[in-house]
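What follows is a single structure, written as structure tokens, with notes after it.
The values are calculated or read from the model by the stated rules, or taken from the named source; none is laboratory data. The model shown is predicted, which means the values in this text are computed figures rather than measured ones. Don't worry about glycine lacking a Cβ; one is built from the backbone with ideal geometry, like all the others, and counts go over all protein chains shown.
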Amino acid sequence: MTTQVPVAPDLFTWPADEPQLIGTFFRESGVTVFPEAKACPRSASQDGERVLLPRRGTLWSWTIQGFLPKSPPYAGPETQATFKPYGVGYIQLGNQVIVESRLTTSDPDVLKIGMEMELVIIPFNKDADGNEVVTYAFAPVKN
Amino acid sequence: MAQDVAIIGIGIHPFGRHDSTGMEQGAHAAREALRDAGCEWSDVQYAFGGSSAAGNADTMVSTLGLTGLPFINVANGCATGGSSLISAYNALNAGAADIVMAIGFDKHPKGAFDPDPASFGLGQWYGDTGLMLTTQFFGLKIQRYMHQYGISPSTLAKVAVKNFENGSKNPNAWRRKPMTEEEVLNSLMLSNPLTQYMFCSPGEGGVALVLARGEVAKKFTKKPVYLRSAVLRSRPFGSFEVFNSWLSPDRGDSPSVGAAAAAFKMAGMGPQDIDIAQLQDTESGAEIMHMAETGFCKDGEQEDMIQSGETRVDGRLPINTDGGCLANGEPIGASGLRQVFESALQLRGDAGDHQVPKKIRTAFTHVYGAPGISACTVLSN
């Protein structure tokens, strides 16, 4: 079995059966940021706590990346020939925070602001050692 | 007490794609501005200028003349031109000089910008995984706005149609071919709901302005245009900005709201007093949202205003009379000053084929950019 490595440490809990995004909560201001940060942009407090974010939320806005992004910074495996548009959105996790994410669907007829979404971990690329690099995404919740 | 600050000379290098370097285009604009002002480079006592990707503005002294003047390089992202102008305004007000030049120029490669995550304080993963595109941000922001305020795709397209039509009459514009609403709507979908022709493209160009204290200005020109205010603001908490991996559910205003309000207050005017406006139209959704953020209408009123043609050159409030970023492209360092160049041209009545038909006395300009900055000015005869 290929080893799966996260695209960055401390973005999400991994490996995990029910992975969660990792943020920082600043008690003084009530602000939660993603990913972890040393200081609160509202209160400038440096007294934050690591917090695991809810796995489900609602779609706050969305778009579809219709062309292959320039590389760098993009590190996906696609070429002009193999590129397929991918969804990008903001997902509101309760009243805590709105996070930006890739979406598992790029169908404009499926995506609706307010729809329920759930965190998933998806394959993204292979690294130099042949490991599968994984990243986080949000998928529509199937009813 | 603020003094009168006047624009006595304006110069531009046509926007688009050229063989010359960005720096040469900036120097060309500087010479044009001096010629327009009827003064010499040696008369300029202070200069501020910058580009995002075309080098240090102050090296231009080797072609304009080694007069020993203080020349400060300005680097402030999309507000580079606006920041140069504000610096010039402040230098004149502080009495540091009687005549000052502000210069902005740029030259970017084809295609979308490819920013470095680290320079925006972001982890490499953000760029790696394909989230670091300005185009995505614009799609995400207008998608939400359309959902909240009932803006239609037809209205998005009409903004582009208007700006390309304005650009077609402006000899300094890059895109000079008018387009139909159908052509705009049916072009390639780049970042839903925004199509290819709803987006501006990174480009090239240069603009320079010669500014002078009011009493000095009258010696040079019979048609001074007064800079009534020039304001820059960074983002407040809760604003929705480009390159944000998270947003607060506690939503706040865009930096454009604060910059515009401060610019109006400083000028002693309100949006109702403005005859024409240049609002950053990185894409057509941005122009729509900026209309409300700068105070020219309430959220959602743009739908009727644009459908009824109020923002066309012959409308009640002409917006982006030179074709905006859509028709001129986006050379980052030059765009903010292009808006002021166009405002001055219109206020002097020198805009030729794209001169607005109504009599005007006041103008407003607005730029917005990463990572959440806005610069606004109010101008008048």
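Tell me whether region B:221-240 contains one or more residues that are at positive phi, surrounded by fewer than 21 Cβ atoms within 10 Å (Cβ to Cβ) and either modelled with pLDDT of 95 or more or within 14 Å of chain A (Cβ to nearest Cβ) (or both).
yes
Read through the list (1) in contact (Cβ under 8 Å) with a residue 40 or more places away in the chain; (2) more than 14 Å from every other protein chain (Cβ to nearest Cβ), then give the number of the only condition that residue B:201 fails.
(2)
I need a count of the residues in region B:70-129 that are assigned to a loop (DSSP other than H, G, I, E, B), modelled with pLDDT under 95 and of a type in the set (S, T, N, Q).
Of the residues in that region, 1 qualify.
Restricting to region B:317-376, give me the number of residues that are of a type in the set (Lys, Arg) and part of a loop (DSSP other than H, G, I, E, B).
Count: 3.
Restricting region A:75-88 to residues that are free of Cβ contacts under 8 Å to residues at least 24 places away in the same chain and within 11 Å of another protein chain (Cβ to nearest Cβ), which is nearest to residue A:28 (Cα to Cα)?
So the residue we want is A:86.
I'd like to know if region B:148-158 contains one or more residues that are over 26 Å from residue B:350 (Cα atoms), among the charged types (D, E, K, R), out of contact with any Gly (no Cβ under 7 Å at 6 or more places or on another chain) and away from every other protein chain (no Cβ under 14 Å).
Yes, because at least one residue in region B:148-158 is over 26 Å from residue B:350 (Cα atoms), among the charged types (D, E, K, R), out of contact with any Gly (no Cβ under 7 Å at 6 or more places or on another chain) and away from every other protein chain (no Cβ under 14 Å).
Does residue A:106 qualify as being more than 7 Å from chain B (Cβ to nearest Cβ), more than 20 Å from the chain's Cα centre (by Cα) and of a type in the set (Ser, Thr, Tyr)?
When the stated conditions are applied, residue A:106 does not pass them.
Just to be sure, is residue A:90 of a type outside the set (Val, Ile, Thr), closer than 30 Å to residue B:109 by Cα and in a strand (DSSP E or B)?
When the stated conditions are applied, residue A:90 passes them.
Quick one: in region B:47-95, which of the residues that are closer than 23 Å to residue B:280 by Cα and of a type in the set (Phe, Trp, Tyr) is surrounded by the fewest Cβ atoms within 10 Å (Cβ to Cβ)?
That would be B:89.
For region A:92-118, how many residues are among the hydrophobic types (A, V, I, L, M, F, W, C), touching a strand residue (DSSP E or B) at 6+ places or on another chain (Cβ under 6 Å) and within 16 Å of residue A:142 (Cβ to Cβ)?
Count: 4.
For residues that are touching a strand residue (DSSP E or B) at 6+ places or on another chain (Cβ under 6 Å), more than 12 Å from every other protein chain (Cβ to nearest Cβ) and in a loop (DSSP other than H, G, I, E, B), tally how many sit in region A:1-18.
Counting residues in region A:1-18 that are touching a strand residue (DSSP E or B) at 6+ places or on another chain (Cβ under 6 Å), more than 12 Å from every other protein chain (Cβ to nearest Cβ) and in a loop (DSSP other than H, G, I, E, B) gives 2.
Examine region B:300-313 for a residue that is part of a helix (DSSP H, G or I), among the acidic types (Asp, Glu) and in contact (Cβ under 8 Å) with a residue 60 or more places away in the chain, and state whether such a residue exists.
Yes, that holds for at least one residue.
Can you report the number of residues in region B:9-34 which are under 24 Å from residue B:45 (Cβ atoms) and within 17 Å of the chain's Cα centre (by Cα)?
6
(1) of a type in the set (A, V, I, L, M, F, W, C); (2) more than 9 Å from every other protein chain (Cβ to nearest Cβ); (3) surrounded by fewer than 22 Cβ atoms within 10 Å (Cβ to Cβ): which one isn't true of residue A:21, the others all being true?
Among (1) of a type in the set (A, V, I, L, M, F, W, C); (2) more than 9 Å from every other protein chain (Cβ to nearest Cβ); (3) surrounded by fewer than 22 Cβ atoms within 10 Å (Cβ to Cβ), the lone unmet condition for residue A:21 is (3).
Look at residue B:308 and say whether it is surrounded by fewer than 24 Cβ atoms within 10 Å (Cβ to Cβ) and under 20 Å from residue B:82 (Cα atoms).
no
Counting just the residues of region A:37-74 that are within 8 Å of chain B (Cβ to nearest Cβ) and basic (Lys, Arg), which one comes out nearest to residue B:118 (Cα to Cα)?
A:70
Which pairs turn up if I take residues in region B:41-68 that are closer than 11 Å to residue B:23 by Cα and look for partners that are surrounded by fewer than 16 Cβ atoms within 10 Å (Cβ to Cβ) with beta carbon separation below 6 Å, at least 6 apart in sequence or on another chain?
Qualifying pairs under 6 Å: B:50/B:75.
Report yes if some residue within region A:74-83 is surrounded by 15 or more Cβ atoms within 10 Å (Cβ to Cβ) and farther than 19 Å from residue A:132 by Cα; otherwise report no.
No - not one qualifying residue is present in region A:74-83.
Just need a number here: residues in region B:261-285 that are over 14 Å from residue B:336 (Cβ atoms), in a helix (DSSP H, G or I) and not aromatic (Phe, Trp, Tyr).
Qualifying residue count for the region: 10.
Residues of region B:163-221 being outside any strand (DSSP E or B) and of a type in the set (Val, Ile, Thr), which ones?
Within region B:163-221, B:180, B:184, B:216, B:221 qualify.
May I ask you to say which residue of B:294, B:321 is within 23 Å of residue B:203 (Cα to Cα) and hydroxyl-bearing (Ser, Thr, Tyr)?
The unique qualifying residue is B:321.
Of all residues in region B:247-257 being surrounded by fewer than 21 Cβ atoms within 10 Å (Cβ to Cβ) and either touching a residue at least 12 places away in the same chain (Cβ under 8 Å) or not in a loop (DSSP other than H, G, I, E, B) (or both), which is farthest from the chain's Cα centre (by Cα)?
Step by step, filter region B:247-257, then rank; the result is B:250.
Within region B:221-243, can one find any residue that is of a type in the set (Phe, Trp, Tyr) and closer than 23 Å to residue B:331 by Cβ?
yes
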